[in-house]
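Undergrad: After the structure tokens below, expect a handful of questions from me.
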Amino acid sequence: MTISAREEWTRKLKRKAFKYKWAKLYIACEEINMIWKEPHVEEFREMWKAGLSIREIAEYFDRGTDEVMILAMDQAKQKLIKSRPGGVWGV
């Protein structure tokens with residue numbers, strides 16, 4: 001009986017998962033607040049459209065630039081904001 005490549009891969013994955021089952025986890029960017037109120041997201045879109053930089057938007061909302069950058073990536077991925085002259089740095 002021959003084992004398909006998919007079955008072999010599945011077996012290896014299960015062995016690897018079992019091996020690391022009790023391993024200590026590291027959560028990347030755990031300190032970044034990715035929660036936004038909808039009115040603030042709409043306001044962010046207007047500020048983006050007006051050409052404000054990530055730094056200016058972060059200062060306005062009293063948030064870290066990394067938090068605003070993640071929101072910008074999210075909104076761009078959903079096609080709710082467009083690329084613009086100057087990119088994240090603004091006009």
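The values are calculated or read from the model by the stated rules, or taken from the named source; none is laboratory data. As the structure is a computational prediction, the values presented were derived from the model and not from experiment. Ideal geometry is used to build each Cβ from the backbone, glycine not excepted, and the neighbour counts take in all protein chains shown. Side chains are part of the model used for accessible areas, which takes the heavy atoms of the whole protein and leaves out ligands, DNA and RNA. Shrake-Rupley method; radii C 1.70, N 1.55, O 1.52, S 1.80 Å.
Undergrad: Among 43, 31, which is part of a helix (DSSP H, G or I) and out of contact with any Leu (no Cβ under 6 Å at 6 or more places or on another chain)?
TA: Answer to the selection: 43.
Undergrad: Among (1) among the aliphatic types (A, V, I, L, M); (2) open to solvent by less than 60 Å² (accessible area, probe 1.4 Å); (3) touching a helix residue (DSSP H, G or I) at 6+ places or on another chain (Cβ under 6 Å), where does residue 69 come up short?
TA: Tallying (1) among the aliphatic types (A, V, I, L, M); (2) open to solvent by less than 60 Å² (accessible area, probe 1.4 Å); (3) touching a helix residue (DSSP H, G or I) at 6+ places or on another chain (Cβ under 6 Å), residue 69 fails exactly one: (2).
Undergrad: Residue check: is residue 58 free of Cβ contacts under 8 Å to residues at least 40 places away in the same chain and exposed (fewer than 10 other Cβ atoms within 10 Å of the Cβ)?
TA: Considered against the rule, which asks whether it is free of Cβ contacts under 8 Å to residues at least 40 places away in the same chain and exposed (fewer than 10 other Cβ atoms within 10 Å of the Cβ), residue 58 comes out as no.
Undergrad: Among the residues of segment 2-12, is there at least one that is of a type in the set (S, T, N, Q), loosely packed, with under 10 Cβ neighbours inside 10 Å and modelled with pLDDT under 90?
TA: Yes; the residues of segment 2-12 include at least one that is of a type in the set (S, T, N, Q), loosely packed, with under 10 Cβ neighbours inside 10 Å and modelled with pLDDT under 90.
Undergrad: Take residue 32 and decide whether it is modelled with pLDDT of 90 or more and either open to solvent by 100 Å² or more (accessible area, probe 1.4 Å) or among the β-branched types (Val, Ile, Thr) (or both).
TA: The answer is yes for residue 32.
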